[in-house]
Each structure stands twice: as C-alpha cells, then as structure tokens.
Amino acid sequence: MSTIGFIGLGIMGGPMAANLVKAGHTVIGFDLDAARRDALVAAGGTTAGSVAEATDAEVVITMLPDSPQVEQVVLGPDGVLEHAKPGLLLIDMSTIRPDTSRTVAAEAAKREVRALEAPVSGGEKGAIDAVLSIMVGGAEEDFQAALPVLGALGKTIVRVGGPGAGQTVKAANQLVVGGTYALVAEAIVLLEASGVDPSGGLDVLAGGLAASRILELKRKSMVERQFAPGFRIDLHHKDMGIALAAAREAEVSLPVTALIAQLIAAARAQGYGALDHSALLKVLENASGRTSA
Ligand code: NAD
C-alpha cells in the first residue's frame, strides 16, 4: 500500500481518491475548493494545505480540468516537481493536450520523477464504481509500478505507448462519445417530432446494433431532460479542441469530428456550458425549433 497525494478532488477525482482509501492506501488530498477537501475527509482520507504538502508521498495523482491547471500544479512555482523527491511516481489522470503531457514527462525526467499520463473514460459512475477505462502513456516499467494503484480505480487499464499516446487515445475516445451523443439526440428529436414514444424507441435501439454505453446509461435522463453533470459541456468543448489539434498535427482530416466540435461550441454559446454533455440534445432541438424546458 502506498502514500498517495491526490490533487483535484472534483466530480472524478473525489470518488477516485475515496476508492484509493477503500483499497487501503493512505491518501492526502488537495483541492482549491474546501468542500471537495471535506468530502475526502468524510471518505476516510486526509487533506493537505498545499500542493507541496500533497507531494510528500510515494505517488502523486493529478485530476485537474485542463492543460493550464496541470502546468501550474506540476511545473509551476511551488508545484509538484519543485517539491518532488527523486523516484516519485507522478500519474496525471486529467484529459489534456498530448504536447503538455510530453512536456510534463520531459521536465519530470530532469528531476528523476517517473511520469505517466493516464486519462480515463467511464464518467462519474465509472469513477464511483472503480471501473474506469484507463489509457496510459509513458515507460513500461513505470506503468508496471503504477498498476497496483490504477487497479483500484479502473477495470480496463492499457499502456498505449510513450508520453502523449494516452492523451491521443483519449482524444479519439472523446470524438466517438461526442458523435454518439449527437446522434442519440437526433434520434430523440426525430421520434418525438413523429409522435413516437422516445423511451420505447430507444429501448429497442439499445438492444440492437445501435446499442452503446451512452444509450444504456443516458437514454432515460436525456428523454427526461435531466442534464446535471456528469461531464460538463465546457470540458467536452476543451476535448474537441484537443482532438482537432491532434488531427492537425497528424495531418489528417476528421470532418465528422469538426461538425461535432461545432455543435458542442453551439451548446456553450447557447449557455449550456455547465450542463452535462447529453445537453447536446438542447442544441439539436433548438435547430428544429423544438425547444424544451
Ligand atoms: P471538476 O471540475 O469537477 O474537477 C476538477 C477539480 O480540480 C475541481 O474540484 C477544482 O477545484 C480542482 N482544481 C482546479 N485547479 C486546481 C488547482 N490549481 N489546484 C488544486 N485543485 C484545483 O472536473 P472533473 O469532471 O472531475 O474532470 C477532471 C478531469 O477529468 C478533466 O480533465 C476532464 O476532462 C476529465 N474527465 C472527466 C470525466 C467526467 O465524466 N466528469 C470523465 C473522464 C475524464
């Protein structure tokens, strides 16, 4: 069992840190938000007063919103690397740009810190149930060292390559998720506008070739227009930017991804940034003049 510093105790990081406590690790959590820190204490963890304090551990996990926060917490003044002891295992589980992950890995190596990126898929429920899919970029030996920790958080844990590869796989994941939400939303609009009960219709879809985890978990809440996050539109907008930048770097054309990115941008522009990404339904309803409450 390890002593683990956990920085970023939000929708995902909170339940992940709690699962590490449950698995028997000593968890020292840090978040800017006091309510998030209190929730970890209620789950049996302890809290740190700063990033530096949380870095006094064998393993540090970060689960932060975006690249700037990871740069600040890991690379910035008074950040993880400034306080890390040689040999520390740093696992960044945030979804960020692949080039930021590569920079973190390079800077960490200068300080003899072993850095992995390990973005996740599976949403809040996957975090709570410790069944996340985890796509890891970094050195094989560091991956092996991280497995006992990652095993307490997820079910499918795969090293997909060196630094940056995990984030590239996550970008591919996000374009598939965004595209699936958009099409499920269009199916709901079509069914309702045609006078067909969407619940029954989607039940059939969920049992056939159109089945997906999104239909399984989200069809009921979408039909009922329950859009509490979950995964915020704002974060998915960030991820579509990462996917398009990765496509540009790889010199490939991803026209459907570009369209989904525009729909998610429209969701933000229409004021839905803080809602769950299933609120893409509202954008597609608005497009047909079928605005719901
Ligand atoms: P969130 O906004 O709920 O949590 C982020 C937490 O980081 C917040 O509690 C915030 O206070 C804290 N934070 C921000 N800056 C900080 C700093 N400088 N120091 C300490 N704490 C800081 O976001 P989330 O939904 O938990 O997502 C976290 C990451 O996981 C994102 O990169 C997201 O894209 C990714 N992700 C989210 C989901 C999901 O379903 N929510 C699924 C897969 C991946």
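The values are calculated or read from the model by the stated rules, or taken from the named source; none is laboratory data. Since the model is a prediction, treat every value here as computed from it, not as a measurement. All Cβ positions, glycine included, derive from the backbone under ideal geometry; neighbour counts span all protein chains shown.
Here are the numbers:
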| read-out | value |
| --- | --- |
| Residues of the stretch 1-58 satisfying the condition of being more than 13 Å from the ligand (Cβ to nearest atom) and either of a type in the set (Phe, Trp, Tyr) or assigned to a loop (DSSP other than H, G, I, E, B) (or both) | 1, 2, 23, 24, 25, 43, 44, 45, 56, 57, 58 |
| Hits in the stretch 204-245 - residues which are in a loop (DSSP other than H, G, I, E, B), under 13 Å from the mean Cα position of the chain (by Cα) and hydrophobic (A, V, I, L, M, F, W, C) | 231 |
| Matching option when the condition is assigned to a loop (DSSP other than H, G, I, E, B), charged (D, E, K, R) and in the same structural domain as residue 16 (by TED's automatic domain parsing), among 78, 99 | 78 |
| Per-region count, the stretch 3-48, residues buried (at least 18 other Cβ atoms within 10 Å of the Cβ) and among the hydroxyl-bearing types (Ser, Thr, Tyr) | 1 |
| Neighbours by Cβ (under 6 Å, 6+ apart or cross-chain): first from the stretch 50-61, modelled with pLDDT of 95 or more; second in a helix (DSSP H, G or I) | 51/73; 52/83; 55/80; 55/83; 59/149; 60/80 |
| Subset of the stretch 272-293 [of a type outside the set (Asp, Glu) and either part of a helix (DSSP H, G or I) or without any contact (Cβ under 8 Å) to a residue 40 or more places away in the chain (or both)] | 277, 278, 279, 280, 281, 282, 283, 284, 286, 287, 289, 291 |
| Cβ-Cβ under 8 Å pairs, at least 6 apart or on other chains, the stretch 251-271 side free of Cβ contacts under 8 Å to residues at least 24 places away in the same chain, far side among the charged types (D, E, K, R) | 270/282 |
| Within the stretch 111-144, considering residues that are acidic (Asp, Glu) and assigned to a loop (DSSP other than H, G, I, E, B), the one farthest from the ligand (Cβ to nearest atom) | 112 |
